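Taking it in order: structure first as structure tokens, then the write-up.
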Amino acid sequence: LPDGAKIGVPNDPSNEGRALLLLQQEGLITLKEGVGLTATKLDIAENPKNLQIKELEAANIPNALKDVDIACINGNYAQAAGLSVEKDALAVEATDSLAAETYANVLVVKDGNQDSEKIQALAKALKSDAVRDYINKTYEGAVVPVF
């Protein structure tokens, strides 16, 4: 990646932080201590390659690929644009990263229903090998089961 390269990142609060954490994970930047998922480009402490961070609307980033050197694209938008995590991604969030743990989908029920036989059956089904295989096959790495 050349000095001064342009990097597209989502401009919404949760996804920009995730993108910047991914860039840090890959050693491209260093963020200020403790900013975590709330990071913006103003929280970059070190940028040794003088990367130009371009904040863009997340859904439009695939269309802007011609205007940047690399981009951080949400999995759903990448898939919709015909991009594959397995074939096109240079890096992905680690499954044990703060972002992956924070944004994992969870099953939530009204208090008192957690012990319901139906809810227990649903929870068991959602954590099954069949669901894991379906997620892996259908989303090809854009969605990752963390159970």
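The values are calculated or read from the model by the stated rules, or taken from the named source; none is laboratory data. All of these numbers come straight from a predicted model, not from anything done at the bench. Neighbour counts are summed over all protein chains in view; Cβ atoms, including those assigned to glycine, are modelled from backbone coordinates with ideal geometry. Surface areas here come from the heavy atoms of the whole protein model, side chains and all, with no ligands, DNA or RNA. Shrake-Rupley method; radii C 1.70, N 1.55, O 1.52, S 1.80 Å.
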Original post:
Over the range 55-103, one equal point on each Cα, no solvent: what is log10 I(q)/I(0) by the Debye formula at q = 0.30 Å⁻¹?
Top reply: -1.22
**OP:** Provide Rg and Dmax in Å for the range 88-147, with only Cα atoms included in the calculation.
**Re:** 14.1, 45
Subject >> Gap separating the Cα centres of the range 1-28 and the range 41-96, nearest whole Å >> reply: 7
**OP:** Using a 1.4 angstrom probe, figure out how much accessible area the chain has per residue, in square angstrom, rounded to the nearest whole.
**Re:** 65
Subject >> Surface share of carbon and sulfur [accessible, 1.4 angstrom probe, percent] for the range 52-124 >> reply: 49
Subject >> Filtered trypsin sites (Lys or Arg not before Pro), the range 80-144: DSSP coil and at most 13 other beta carbons within 10 Å >> reply: 110, 127
Original post:
Considering only Cα-Cα distances, which of the following residue pairs are longer than 25 Å: 41/66; 66/137; 6/87; 66/87?
Top reply: 66/137
Original post:
With the radius of gyration and the Kirkwood radius both derived from the Cα set of the chain, what is their ratio Rg to Rh?
Top reply: 1.05
